[in-house]
Amino acid sequence: MPNRHLSASLRRKAAALLLPALLSAAAPALAPAQPVGLPDLGDSSATELSPRLEQRLGDAIIKEALRDPAFIDDPDVTQYLTDIAQQLSAQAPAGTPTIRVFGVRDPSINAFAMPGGYIGVHTGLVVAARNESELAGVLAHEIGHVVQRHIARGLVQQKQDSLIMVAALLAALVASRGNSQVPEAALAFGQAAAINSQLGFSREAEREADRTGFQMLERAGFNVNGMASFFGRLMQASGLNESTGQAFTRTHPLSIERMSDMQNRARGAVVNDRPSSSAFYFVRAKMRIMQAASSQDVRDTVRYFESRIAETDGIERSAAYYGAALGWMRLREFDKAQEAYLGATSGARSHFMLERLAIEIALARNDAARAVELARSAYARWPGQRGVAMALAESLQRAGRNQEAVEFLKEQMLKWGDEPRFHQMAAFSYSQLGNVVNERRSMAEYYAMTGALPAAVELLQQARSASRDFYEQSQIDAKVRDLQRQLREERELLKRFQS
Ligand SMILES: [Zn+2]
């Protein structure tokens, strides 16, 4: 299956960054002089990666991941997972990086922490979670690795590997950004991937992540049994030699001791029998459909949802209808999708993910006016949902209302400064409006945010020559200088690691 293959490549890239040894004892081997303007890699005697470099590496790799088809670029999924993680990390010590979670299209049960507070979660893990507290339990464990800085903390015996790793990573990064001076990048990256297959956290690190994670889980008000019950099932699955759970247990070794520690902790804590949010059920259904690789898989998954419709009630039944509707959408059976959508909303149930589905069905049926109407009322009700905002912008564009779309997108950029897609959408509307300067500038912003710096610079130069406004030109010049400085820094950083 192509998805599984690509997903494996994403996992390798992610694993490359997981390398706990990352810089550890590698620092003394680096060139001693610190060139001006470069990030400080920390004291040469330091046994860990500096938080600043860790963040830069994390930001860089996430931009790489954006281009991988296994990366789930869905605002509902990203926002839901990140919200849960941030409820947990709100209980973490000060200085913990902002936690951002993304989904990976892969049916195996796995989650991984990367440098800079990024956490990847496989669709298979969310699908396997029985309730929100179980999902929160795994996320809490991963955040525990971030809080304890396991990714950056050194494992001295791996110093040689980690040096190669960092060099390979940076080489791959710069190569991906159009620097033809690094032809060997792909090869180096392959080496890096080979080294990573043996990667895993130590038992001590696992215990620390459990302990820290448990505290966050309890303080954030989730059911503290969530962690033990999910890990218990994983351990059983890997003991039974089921392939689904192996990915996780390989990188996070489970043991009888760990399990009994978790159970003991849960016994001594107040059990908060908190129900799962509606979003949990809808996101889980969506991720189940997302991991279906072929149209036959989609059909089988729809059949699964249909059996759930017959067996369940309440929110679970609504989510089963929702999942079936998403499946019909993928099969381009829009009438069946609409029918399932109505099933999902029976009993006057409403949720922003259901409304977003209704908007998508209207768009698929080429009824842009209806989509705008639905999206406007959904946005009035859920202004804090990025997916709803995107659906409204898209509906306006499809209805040919590009001036309104631009005004709306500008508001959204202020609200969500880290979302590249609003800039990409704005570029489309500007092109429809014949505004070349703003089209190029918006697209340049999109490229800059997704790591394609040379492309961003080129578009800005085009925007500058199209501009007739002195003030605008100097704004563009400043932005070009800023991007060129970033590019230079990356190349210098790479040279340091290669020397
Ligand atoms: Zn772990």
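Quick note: the coordinates plus some simple rules give every number you see, no bench work behind them. Quick caveat, the model's predicted, so the values are computed rather than measured. Note that we place each Cβ from the backbone using ideal geometry, even for glycine, and neighbour counts take in every protein chain shown.
Assign unit charges at the C-beta atoms only (+1 for Lys and Arg, -1 for Asp and Glu), then state the dipole size of segment 254-318 relative to its Cα centre in Debye, rounded to the nearest 20.
160 debye
Would you pull out the residues with amide H under 5 Å of residue 118's amide H, same chain only if 5 or more places away, H placed 1.01 Å from N?
Counting only residues 5 or more places away or on other chains, the set is 100.
Could the peptides 276-289, 335-348, 57-70 be put in order, highest first, of the mean number of other beta-carbon atoms found within 10 Å of their residues?
Numbers: 276-289: 22.8, 335-348: 16.3, 57-70: 19.2.
Highest to lowest by the protection proxy: 276-289, 57-70, 335-348.
Around residue 437, under 12 Å between beta carbons, what's the net of Lys plus Arg minus Asp minus Glu among the other residues?
Here the count lands on +1.
Which log10 I(q)/I(0) values does segment 367-438 give at q = 0.14, 0.17, 0.27, 0.28 Å⁻¹ under the Debye formula, counting every alpha carbon as one identical point scatterer?
-0.38, -0.56, -1.27, -1.32
With point charges of +1 on the Cβ of Lys and Arg and -1 on the Cβ of Asp and Glu, referenced to the Cα centre of segment 266-406, which listed residue (271, 296, 361) lies farthest in the positive direction of the dipole?
The one lying farthest along the dipole's positive direction is 271.
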